[in-house]
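K.L.:
One structure is given below, represented as structure tokens, and several questions about it will come after.
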Amino acid sequence: MDSDDVDAAWFAAFMEKERDKLLQIRGREELRRGRAVLIEAARALNAIVIAPGGVAASIDDAFSPSETLPPSSLIRTQLRLALHYLQTADTDPAPNLSSFVVLRVAVECIATGHWLMPPNRREAILRALKRMWWDTQNAAEMAAVADGRSDPSELQALKERLAAIVAPMKRVDLDSVTGSQRPQLSGAVREASRSLREENPTVLQSAWMLCAALSHGNIPVSAGVGMAPALIQDPSQHLIDLPVFASVWSAVVDDFSTAVRMFEKYTTTQHQHQGSKGATAS
């Protein structure tokens, strides 16, 4: 090999190292930006209150007589869980396989919170009722498996509460709630992805699909985000390229921030005839 070949090889290796350094720097900068966004979104979420007389308050009021958890609490819970998982995914000093597993759950919580905030009041009530029913069904099934016997009393008690809530509603009956099927998470994620980022409606969905693929050991996807083939089969060594993680994590953080602003608007919007009396979150 002549000196020109040696110089060319050295220069190529040098440029590759410099490129990697630049990507690492950009990744760390993106993480810092995302952390600042997440802190502000957390503050905004904690400051949200339900404005009296508003649309969200009227939805919650439908649940008050039966002393059932109001829909706004269901939404707030999902967003707070998403916040917790986003914070947990941001591991130090570097992301690993678990970071993407937790990030996947964060996306699902964002999507569920968004699903519970449809623009139509009747649909908002119906979705909250369905979610309560599905969750209670799941709890009953888990208890039956764990205890070896079923106890329908909790489901029956919830049915009575749900019946009281749907009774005043037109074109809604109890069967439309208890007979409904839980939708696939992919549909809720797709719906949220389109709504939270209209200019680029597939970002959240793509992040979720990437996280799901990594979580379940998709080898081509793992290799595509910087995994050496020899490490893919060893989850404890399943290290992830920092710039890749930073870009995905910060994108989900941005959509989480948008979801929090959507919830804030949801809780403060007044009925149209009360528009001049609009309240704000404190």
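The values are calculated or read from the model by the stated rules, or taken from the named source; none is laboratory data. What you see is a predicted model, and the numbers here were worked out from it, not measured in a lab. In this analysis, Cβ positions are derived from the backbone assuming ideal geometry, glycine residues included, and neighbour counts consider all displayed protein chains.
K.L.:
How many residues, within segment 56-70, are in a helix (DSSP H, G or I) and of a type outside the set (S, T, N, Q)?
P.N.:
Of the residues in that region, 5 qualify.
K.L.:
Here's another thing I want to ask about it. Considering only segment 192-212, state which residues are among the acidic types (Asp, Glu) and within 22 Å of LEU116 (Cβ to Cβ).
P.N.:
Selection gives GLU198 alone.
K.L.:
Oh, and also: Give the residues of segment 175-184 that are modelled with pLDDT of 90 or more and surrounded by 14 or more Cβ atoms within 10 Å (Cβ to Cβ), sorted by residue number.
P.N.:
The answer is VAL177, THR178, SER180.
Here is a yes/no grid of residues against (1) loosely packed, with under 12 Cβ neighbours inside 10 Å; (2) of a type in the set (Val, Ile, Thr); (3) touching a residue at least 60 places away in the same chain (Cβ under 8 Å):
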position	(1), (2), (3)
CYS109	no, no, no
ASN120	yes, no, no
ARG127	no, no, no
LYS130	no, no, no
THR136	no, yes, no
ALA146	yes, no, no
PRO152	yes, no, no
GLN156	yes, no, no
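K.L.:
The conditions are (1) β-branched (Val, Ile, Thr); (2) touching a helix residue (DSSP H, G or I) at 6+ places or on another chain (Cβ under 8 Å); (3) at pLDDT 95 or above, and THR91 fails exactly one of them. Which is it?
P.N.:
The failed condition is (3).
K.L.:
How many of the residues making up segment 38-55 are surrounded by 15 or more Cβ atoms within 10 Å (Cβ to Cβ), assigned to a helix (DSSP H, G or I) and β-branched (Val, Ile, Thr)?
P.N.:
1
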